[in-house]
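Below: one structure, written as structure tokens.
Rule-based calculations on the coordinates, nothing more; no lab input. Not measured: the values here are computed from a predicted model. Here the Cβ positions follow ideal geometry from the backbone for every residue, glycine too, while neighbour counts run over all protein chains shown.
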Amino acid sequence: MTHSVPYTDRADTPRWEIKDDGTVVLGERRIPVPASISPDAQHALRNALIAPMNFPPPDDLARWEALIRQTNAQMEREVAVLCESPEGADSCRSLEAVATSVVAGVTVHTAAPPQMSSERERYAYLVVHGGALVFGAGDIAKYACLFGVQDANCTCYSVDYRVPPRNPYPAAVHDTVAVYCDLLKQYGAGNVIVSGASAGANIAAAAVLKVRDAGIEMPAALVLETPQLDLTESGDSFQTLLGLDYVLQQSLLATSRLYANGHDLSDPYLSPLFADFSDGFPPTFLQSGTRDLFLSNAVRMHRALLKEDIPAELHVWEAMPHGCFSGTAPEDREVRATIGKFVNRFFCKSP
């Protein structure tokens, strides 16, 4: 059986399909599953599901809200399966371990390691969940908290920020800034790291820019996983990797425009890649993969930071699509371990 799905956001994009052996057929090109990755990662590429979304018109709020509910439910099922699997048992604990409260008027989910040293209690890891700027509220934000605990081995705070269509930009950025400023009272900026994945990386980076421009002390570091830093989608990988990334199977301009609510997508608070970093920015960790549609975002952000002598690390995994493979492949575990090492350099020397 062959899965064939037309890509319709850009009229000049050829049809593409994935064969049963994982080979991607993109026009005249045939791209096989590489032998250079682990068997688990190969299995993930071979079993990719093709289900691009049909985004509603920007003014059809009812259809957007229905799509958001449907997508959130699917995301929650997928993450729950991962966390309940034998491979995921060491990565996540039950959502019962997550406490929910209101911090600075924002819903925040909090969790901590089961056994945390007094030294580690000094630190906080602020996580901003992903979801194309519109999805992922609720349980996905809670799961993001559990993954954050795994990465940082300290108390993690996950911002359940407000989302479109009822709460477009700048609501999510304002929510993240508000929670960060509250954490400063307890921990101090030097003991807080901010992290975001995908769209969450966009919001995290934009929030840090807001903090900087308001004259507030910036966090000790910033972790940006497979970051959505350019809502204009101007980078090379948005063309060259279209059809290879089975997670991001289409342009996200529809969700970006819904989020932006009429604002210029190139505004640095919407596309942090275009910010002026000469005024400073925290040391930054950037992660992507060679099949990640957002690869150009990470590459260009890395160069922009290095140009201003801001410490920045770029880690790119072979054949990895947006986010991860299955969540349990050796490469996925390596991503988590690498983030943990980066975090430890800014927190205590030993966990």
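Summary of computed values
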{"quantity": "Single residue of the range 321-339 satisfying the filter (in contact (Cβ under 8 Å) with a residue 12 or more places away in the chain and among the small types (Gly, Ala, Ser)) that is surrounded by the fewest Cβ atoms within 10 Å (Cβ to Cβ)", "calculated": "SER326"}
{"quantity": "Answer from ALA214, ALA221, ALA254 - the residue that is over 30 Å from ALA48 (Cβ atoms) and out of contact with any helix residue (DSSP H, G or I) (no Cβ under 7 Å at 6 or more places or on another chain)", "calculated": "ALA214"}
{"quantity": "Among (1) assigned to a helix (DSSP H, G or I); (2) more than 23 Å from GLY188 (Cβ to Cβ); (3) touching a strand residue (DSSP E or B) at 6+ places or on another chain (Cβ under 7 Å) - the single one VAL343 does not satisfy", "calculated": "(2)"}
{"quantity": "Hey, LEU293 surrounded by 24 or more Cβ atoms within 10 Å (Cβ to Cβ), without any contact (Cβ under 8 Å) to a residue 60 or more places away in the chain and closer than 29 Å to LEU244 by Cβ or not", "calculated": "yes"}
{"quantity": "Verdict on LEU293 being under 20 Å from ALA144 (Cα atoms) and either outside any strand (DSSP E or B) or not charged (D, E, K, R) (or both)", "calculated": "no"}
{"quantity": "SER158 vs. criteria out of contact with any Asp or Glu (no Cβ under 9 Å at 6 or more places or on another chain), farther than 19 Å from ALA312 by Cβ, of a type in the set (S, T, N, Q) and crowded, with 24+ Cβ neighbours inside 10 Å", "calculated": "yes"}
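So that you can scan it fast, the table gives a plain yes or no per residue for (1) part of a helix (DSSP H, G or I); (2) acidic (Asp, Glu); (3) surrounded by 15 or more Cβ atoms within 10 Å (Cβ to Cβ):
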position: LEU244; (1), (2), (3): no, no, yes
position: THR255; (1), (2), (3): yes, no, yes
position: GLY262; (1), (2), (3): no, no, no
position: LEU265; (1), (2), (3): no, no, yes
position: GLN287; (1), (2), (3): no, no, yes
position: VAL299; (1), (2), (3): yes, no, yes
position: HIS302; (1), (2), (3): yes, no, yes
position: HIS315; (1), (2), (3): no, no, yes
